[in-house]
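Notes follow once the structure below has been shown.
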Amino acid sequence: QTGSAPNHPSDSEDDEYITNVSIGTPAQVLPLDFDTGSSDLWVFSSETPSSSARGHTIYTPSKSSTSKKVSGASWSITYGDNSSSSGDVYTDTVSIGGFSVTGQAVESATKVSSQFVQDTSNSGLVGLALDSGNTVKPTKQKTWFSNASSHLASPVFTADLNHQADGSYNFGFIDTSLASGPITYVPISTGNGFWEFTSSSYAIGGGSSKKHSTDGIADTGTTLLLLDDTIVDAYYNQVQSAQYDDSQEGYTFDCSEDLPSFSFAVGSSTITVPGSLINFAPVDGNTCFGGLQSDDGIGISIFGDVAIKAALVVFDLGNKRLGWAQK
Ligand SMILES: Cc1c(C=O)c(-c2nnc3c4c(C[n+]5cc6c(C)n(C)c(C)c6c(Cl)n5)n(C)c(C)c4cnn23)c(C)n1C
């Protein structure tokens, strides 16, 4: 068995990627943000204050004949941008790309922070990181992919994200035709609950490869590519008009600049992010914001959508490894 669901950018900046998900009986379809950097499936619901839920599609468990409340369960999560949400827990049938999981924990939001209220592109998140990162108390719940994996043809899923175009999340199979190059696999370390791997070097434009060990995560829920200051400073050193803009909290440059590419090692191969993807978005007039920014020394780097857009990424739970193929 397999599943295949299309995704699309939420806005003109590729800020996030949205996939429709069916929950309950009869199906309630919600646009959700698939996030390989977290492990909770949570939704705006009939329990979310109506002032917060305005503009969002909601899940109403009482209208689903297959919903069950998980008594005494609660959840609470804070994300890297300090957005947050919390609530209680149901189980219900959740179908993605034609593949159904029964008894999936669906976390219902009774509180959401302002970033979520304002972001009417999504009605919640589907966490696709490892089960250990789930926040439900007193009993952790499994992710949709974890529940699905034993029934899928193969315990893998792939992310294909594109700039201002549709992409896909495929479950149980790898469509290698989505990539232009071979898939290179690297082992993941599972201790932090992420799809975490180590990249041994990087290169800027056509420059020489620089040895630099990066401990990072493959995170579809993060918009940008967030790396160590050493790498980020070296990159923008190659961009004539670049400067660090305190108000924007990141590097900006003249939109007309022809940005160098950025390459990072994956095992003995490299993935190259074209400069066009690093020219992320205009901030005003002809000043643009970079898609490569600092990880603010949080102790881990984040290969977010800007990096993932350059590749087909394989999340292989069976072999505890991550695969990257150039697109
Ligand atoms: C350590 C870390 C992050 C790790 O994850 C991170 C980050 N980066 N994108 C996102 C997130 C997103 C993606 N996202 C980013 C957006 C931006 C930059 N803008 C202007 C809009 C309108 C966005 C939307 Cl709708 N969606 N979402 C939906 C959530 C819950 C995020 C949480 N954190 N996050 C930041 C900014 N930092 C510092």
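Each reported figure results from applying straightforward, stated rules to the coordinates on display, with no laboratory input. Bear in mind the structure is a predicted one, so any value in this text is a computation, not a measurement. Ideal geometry is used to build each Cβ from the backbone, glycine not excepted, and the neighbour counts take in all protein chains shown.
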How many residues of region 112-126 are free of Cβ contacts under 8 Å to residues at least 40 places away in the same chain, of a type in the set (Ser, Thr, Tyr) and near the ligand (Cβ under 10 Å from one of its atoms)? The answer is 1
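Here is a yes/no grid of residues against (1) in a strand (DSSP E or B); (2) on the phi < 0 side of the Ramachandran plot; (3) away from the ligand (no atom under 16 Å from the Cβ); (4) out of contact with any strand residue (DSSP E or B) (no Cβ under 7 Å at 6 or more places or on another chain):
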{"position": "GLY167", "(1), (2), (3), (4)": "yes, yes, no, no"}
{"position": "ILE174", "(1), (2), (3), (4)": "no, yes, yes, no"}
{"position": "VAL186", "(1), (2), (3), (4)": "yes, yes, yes, no"}
{"position": "GLY193", "(1), (2), (3), (4)": "no, no, no, yes"}
{"position": "SER208", "(1), (2), (3), (4)": "no, yes, yes, yes"}
{"position": "ILE217", "(1), (2), (3), (4)": "yes, yes, no, no"}
Scan region 1-19 and report the pairs whose first residue is closer than 25 Å to ALA153 by Cα and whose second residue is in a loop (DSSP other than H, G, I, E, B) and of a type in the set (Ser, Thr, Tyr), with Cβ atoms within less than 9 Å and a gap of 6+ or a chain change. THR2/SER154; ASN7/THR220; ILE18/SER10; ILE18/SER121
When residues of region 127-165 are filtered for being surrounded by 21 or more Cβ atoms within 10 Å (Cβ to Cβ), within 16 Å of the ligand (Cβ to nearest atom) and either more than 19 Å from the chain's Cα centre (by Cα) or among the small types (Gly, Ala, Ser) (or both), how many remain? 3
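So, in region 271-296, of the ones that are part of a loop (DSSP other than H, G, I, E, B) and within 27 Å of LEU178 (Cβ to Cβ), which residue ends up nearest to the chain's Cα centre (by Cα)?
To start, the set of residues in region 271-296 that are part of a loop (DSSP other than H, G, I, E, B) comprises 274, 285-286, 291, 295-296.
Adding the requirement that they be within 27 Å of LEU178 (Cβ to Cβ) leaves 274, 291.
Numbers: PRO274: 20, GLY291: 15 Å.
Among residues in region 271-296 that are part of a loop (DSSP other than H, G, I, E, B) and within 27 Å of LEU178 (Cβ to Cβ), the one nearest to the chain's Cα centre (by Cα) is GLY291.
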With the checklist (1) within 20 Å of GLY37 (Cβ to Cβ); (2) within 16 Å of the ligand (Cβ to nearest atom); (3) outside any loop (DSSP other than H, G, I, E, B) in hand, flag the one item GLY299 doesn't pass. (3)
Give the residues of region 219-263 that are within 12 Å of the ligand (Cβ to nearest atom) and not β-branched (Val, Ile, Thr), sorted by residue number. ASP219, GLY221, LEU224, LEU225, LEU226, LEU227, GLN248, GLU249, GLY250
Of all the residues that make up region 303-319, how many are more than 16 Å from the ligand (Cβ to nearest atom), of a type outside the set (Val, Ile, Thr) and assigned to a strand (DSSP E or B)? 4
